[in-house]
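The values are calculated or read from the model by the stated rules, or taken from the named source; none is laboratory data. Quantities reported herein were computed from a predicted structural model and do not represent experimental measurements. Every residue, glycine as well, gets a Cβ built from its backbone with ideal geometry; the counts of neighbours run over all protein chains shown. When the accessible area is computed, the model is the full protein with side chains, heavy atoms only, and any ligands, DNA or RNA have been set aside. Shrake-Rupley method; radii C 1.70, N 1.55, O 1.52, S 1.80 Å.
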Amino acid sequence: MRKTAYITSVILGIVLIVGGVATWVVVSNTLADQNITVSEDASCLAGDEVNGPLSAYCEAQIIEVHALESTDGLTYAELPRESELRPVAMNASFLRASLFTSVVAFGVAGMATLMGIVFILIGLGMRDVGAKAGEL
């Protein structure tokens, strides 16, 4: 039983690591393909290519600043329905949501990779205990 548990734990760890790394690469490449650069007036990573969680977050933050400047400090929900500025606020909201989704995807990918390492270590620990007990 211990041998099955350690093998399963190691295999699950490998699957999590592969899935996490693959997700990170896909999200990073997809963002890079959009050719987005963090605005020069951003408070962080100004001028950096958006291809990772920090640059995506920084660009989302500066999009909010630009949108609020364009709408006199009003959000989409605060603008009158007939305001011609609503599309500006709406587009900014959509862009920010997309970038924040990428940030979350990077977080999930990182967590999956770390959990994979933990599962491998648990499996190897079970194997060592089994070997010392003469069960394997």
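Mind checking Rg over Rh on the chain, alpha carbons, Kirkwood formula for Rh? All intermediate terms of the calculation are to be shown ahead of the outcome.
Details: Rg = 22.5 Å, Rh = 17.7 Å.
Rg/Rh: 1.27.
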Notebook entry, point to check: Suppose R0 equals 35 Å; then what is the FRET efficiency for GLN34 and GLU82 from their Cβ-Cβ distance, rounded to the nearest 0.05?
Noted result: 0.65
Check: How big is the gap, in Å, between the Cα center of the range 1-36 and the Cα center of the range 68-127?
Finding: 20 Å
Next item on the list: Taking only Cα atoms and a 10 Å spring cutoff, compute GNM fluctuations for the chain and point out the largest among VAL18, VAL50, VAL38.
Entry: VAL18
Next item on the list: For the chain, with a Gaussian network of springs between Cα atoms less than 10 Å apart, report the residue from ASP33, ASP48, ASP72 with the top mean-square fluctuation.
Entry: ASP72
Notebook entry, point to check: Rounded to the nearest 500 deg cm²/dmol, what is the calculated helix-only ellipticity per residue at 222 nm for the chain, with -39500 (n - 2.57) per DSSP H run of length n ≥ 4?
Noted result: -26000 deg cm²/dmol
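At 30 angstrom or more along the helix axis (alpha-carbon based) and mean Kyte-Doolittle of 1.0 or higher, what helices does the chain contain? Whole DSSP H runs only. Spell out each step's value before the answer.
Details: long enough: 2-33 (46 Å, 1.28); 86-132 (68 Å, 1.21).
Counting only whole DSSP H runs, the qualifying helices are 2-33, 86-132.
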Notebook entry, point to check: Farthest toward the dipole's positive end in the chain, which of LEU16, ALA46, GLN34, given Cβ charges of +1 (Lys, Arg) and -1 (Asp, Glu) about the Cα centre?
Noted result: LEU16
Check: For the chain, modelled as a GNM with alpha-carbon contacts under 10 angstrom, which of SER55, SER83, SER28 fluctuates the most?
Finding: SER83
Checklist line | Exposure rank, largest accessible area first [MET1, MET115; 1.4 Å] | finding: MET1, MET115
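Please report, largest first and rounded to whole Å, the three semi-axes of the ellipsoid equivalent to the range 48-93, where each semi-axis is the square root of five times an eigenvalue of the C-alpha gyration tensor. Don't jump to the answer; show the numbers that get you there.
Values: eigenvalues 122, 15, 11 Å².
That gives 25, 9, 7 Å for the three semi-axes.
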